[in-house]
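Participant: For reference, the structure I am asking about is given below.
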Ligand code: PRT
Ligand code: ZN
């Protein structure tokens, strides 16, 4: 049976469990101990600190894991594959300096002390850029290191940037882009591989559907051609005649970010009765 390790608490826990729910895997972790079992899919879920997840999967204690790409890159365990980017938990690891610093470029870091919880990713960056800096490894609250006099700069996770601003720092180099990923080891085969393929098929649908809406409207016959250009769909928009002469009903799937721009254009060419509907899943 497949065994998936997820973060036991923290930023990725909830979204990892939500993703399982989204793909129709029910896990009752209300009485959670160390392992929960899905009621409707052959998979067990194990809960660990995110720092340990790459190692647990690499050692074969679990065959799959959900963890930030940053942890995979930093821990770099053997035999690990990144199977799929999951589209949540997005962040970056950046270099930041006090906001008053006169930053001119990466060579600024020569001879400086940089505090981080990601020494391996930082060292790679410094080596690639021929920078000779001292890495101070700190496991928590890296952002206070410059004010505490422990370091001249930090290399830490940034999402909104609010933490940097609150600590009088500015982001100067975005070094590593991360998001939650599904990782696996090379022991998966046979029935487990079939179950994994089924999961991946469902994940693809869930990711694809997430930022899409269903748009339907009434269109006069003379505007159909223009409307079809505004609304490229999975194949082509669905068009059906209405009982009112010269009018058609047109349906299409549209990216959420493009909805309002398309609605404006469609109204301009005469569309009426426009409905925007949520989509549960699109099966690709
Ligand atoms: O207990 P455990 O070891 O499992 O958890 P943890 O405390 O090590 O990790 P956790 O739960 O904080 O984060 C888990 C993963 O979420 C990380 O490895 C990243 O892949 C991802 N992630 C996404 C983030 C953030 N966004 C994030 N903003 N991880 C941490 N942060 C922190 C960051 O360290 C900094 O303190 O949030 C702060 C910056 O946020 P902004 O929005 O102010 O820029
Ligand atoms: Zn951690």
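Quick note: the coordinates plus some simple rules give every number you see, no bench work behind them. Note that the structure is predicted; figures quoted are calculated from it, not measured. Reconstructed Cβ throughout: ideal geometry from the backbone, glycine too, with neighbour counts over all protein chains shown.
Participant: Measure nothing but the geometry: give the 0 to 90° angle between the long axis through the Cα atoms of 13-22 and the longest principal axis through the Cα atoms of the chain, rounded to 10°.
Facilitator: Tilt relative to the chain: about 30 degrees.
Participant: For 165, 27, what ranking results if the residue with the fewest other Cβ atoms within 10 Å of its Cβ goes first?
Facilitator: 165, 27
Participant: Still on this structure, I have one more. According to the Cα gyration tensor, what semi-axes, each the square root of 5 times an eigenvalue, does the equivalent ellipsoid of the chain have, listed from largest to smallest in whole Å?
Facilitator: Ellipsoid semi-axes (Å, largest first): 44, 29, 15.
Participant: Related question: Could you list the residues of segment 176-199 with an amide nitrogen less than 19 Å from a label point located 7 Å from the Cα of residue 59 in the Cα-to-C-beta direction?
Facilitator: Residues 183-188 fall inside that zone.
Participant: Among bridges DSSP assigns within the chain, what percent are antiparallel (round to 5)?
Facilitator: If we restrict to bridges inside the chain, about 75 percent are antiparallel.
Participant: Semi-axes of segment 74-225's equivalent ellipsoid from the Cα gyration tensor, sqrt of 5 times each eigenvalue, largest first, rounded to whole Å?
Facilitator: 40, 26, 13
Participant: Would you compute, from DSSP H runs of 4+ residues alone, the mean residue ellipticity of the chain at 222 nm, taking -39500 (n - 2.57) per run and dividing by the full residue count, rounded to the nearest 500?
Facilitator: Using -39500 (n - 2.57) per qualifying helix, the result is -8000 deg cm²/dmol.
Participant: Could you tell me the calculated FRET efficiency between residue 26 and residue 120, based on Cβ-Cβ distance and R0 = 25 angstrom, to the nearest 0.05?
Facilitator: 0.10
Participant: Between rounded, prolate and oblate, where does segment 242-284 land on the alpha carbon gyration tensor, with a ≥ b ≥ c its root eigenvalues, rounded for a/c under 1.5, else prolate if a/b exceeds b/c?
Facilitator: Oblate, since a/c reaches 1.5 and b/c is not below a/b.
Participant: Between residue 238 and residue 100, what is the label-point separation in nm under the 7 Å Cα-to-beta-carbon projection?
Facilitator: So the label points at residue 100 and residue 238 sit 6.4 nm apart.
Participant: Taking every DSSP beta bridge that has both residues in segment 1-158, what percent is antiparallel when rounded to the nearest 5?
Facilitator: The answer is about 40 percent antiparallel.
Participant: Please tell me the relative contact order of the chain in percent, rounded to the nearest whole number, where contacts are Cα pairs under 8 Å and at least six residues apart.
Facilitator: Working: 527 pairs, mean separation 52.6, N = 284.
With pairs under 8 Å counted, the relative contact order is 19 percent.
Participant: On to the next question. First obtain the Kirkwood hydrodynamic radius of segment 31-144 from its Cα pairs, then insert it into the Stokes-Einstein equation at 4 °C and 1.567 mPa s, and state the resulting D in µm² per second as a whole number.
Facilitator: D = 77 µm²/s.
Participant: In addition: Please report, in Å, the Rg and the Dmax of segment 105-193, where both are computed over Cα atoms only.
Facilitator: Considering segment 105-193 through its Cα atoms, Rg and Dmax are 16.6, 55 Å.
Participant: Return the equivalent ellipsoid semi-axes of segment 173-254 as a descending list in whole Å, where each equals the square root of 5 times an eigenvalue of the C-alpha gyration tensor.
Facilitator: Each semi-axis is √(5λ); the values are 42, 19, 8 Å.
Participant: Relative to the first principal axis of the alpha-carbon coordinates of the chain, what is the inclination of helix 259-268, with its axis defined by its Cα atoms, in degrees from 0 to 90 and to the nearest 10?
Facilitator: 30
Participant: With the radius of gyration and the Kirkwood radius both derived from the Cα set of segment 208-278, what is their ratio Rg to Rh?
Facilitator: Working: Rg = 11.4 Å, Rh = 12.0 Å.
Rg/Rh: 0.94.
Participant: Further question: On a 0 to 90 degree scale, rounded to 10, what angle separates helix 190-210 from the longest Cα axis of the chain?
Facilitator: That helix lies at roughly 70 degrees to the long axis.
Participant: Kindly state, as a whole number, the per residue volume in cubic angstrom of the convex hull around the alpha carbon atoms of segment 94-156.
Facilitator: 73
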